[in-house]
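Values quoted throughout were computed directly from the atomic coordinates according to the rules given, and no laboratory measurement underlies them. As the structure is a prediction and not an experimental result, all values here were calculated from the model. As a convention, Cβ positions derive from the backbone with ideal geometry for all residues, glycine included, and neighbour counts pool all protein chains shown.
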Amino acid sequence: MPQNLTTLVHQLADLPVHKTDFGEIKVLGGEKVMGFWARLNAGSHIPAHSHPNEQITWLMKGRFDCKFGTGEEASCEAGSLVLIPGGVEHEVWYREECEIVEFFSPPRTDMFPGLENNPYGLVE
């Protein structure tokens, strides 16, 4: 369990915001899983990449297109769920402003190194 985890119940509104070039992210992570909520700007693009972490993306609002190293392509709308096994290359184009919830196992400490000591991914 991250050292600074003092409570088990959290409110999305209280989580610190990580600003990025493509939007904003709020993170909560433990030893074996992390989740984040993100608001992503229309027109943003996440280039092709892969990671060993399993990933589930739940599109809450908006529309995005994705392409996978398996050859599969998809257009996703609110309510879509995407399961990406570890090691599978993937790429995303956010066609509209999107709100997503993502889960990773194990946590993406490459994205948020602070997760090793802080449940919000903050570097202290």
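Whenever a residue of the stretch 18-39 is more than 14 Å from Gln55 (Cβ to Cβ), its partners that are β-branched (Val, Ile, Thr) and assigned to a strand (DSSP E or B), lying with C-beta atoms within less than 7 angstrom and at least six residues away or across chains, give the pairs His18/Ile25; His18/Val27; Trp37/Val101. In the stretch 19-59, how many are surrounded by fewer than 18 Cβ atoms within 10 Å (Cβ to Cβ), of a type in the set (Ser, Thr, Tyr) and either touching a Phe, Trp or Tyr at 6+ places or on another chain (Cβ under 6 Å) or closer than 18 Å to Val88 by Cβ (or both)? Final tally of qualifying residues: 2. Look at the stretch 52-64: where a residue is among the hydroxyl-bearing types (Ser, Thr, Tyr) and a partner is in a strand (DSSP E or B), sitting 6+ places away or on another chain with Cβ atoms under 6 Å, you get Thr57/Val82; Thr57/Ile100; Thr57/Glu102.
Taking the criterion of being in contact with a helix residue (DSSP H, G or I) (Cβ under 8 Å, 6 or more places away or on another chain), more than 13 Å from Asn53 (Cα to Cα) and surrounded by 15 or more Cβ atoms within 10 Å (Cβ to Cβ), the residues of the stretch 105-124 that qualify are Tyr120, Gly121, Leu122.
Summed over the stretch 68-98, the residues that are touching a Leu at 6+ places or on another chain (Cβ under 8 Å) and within 26 Å of His10 (Cβ to Cβ) give a count of 8.
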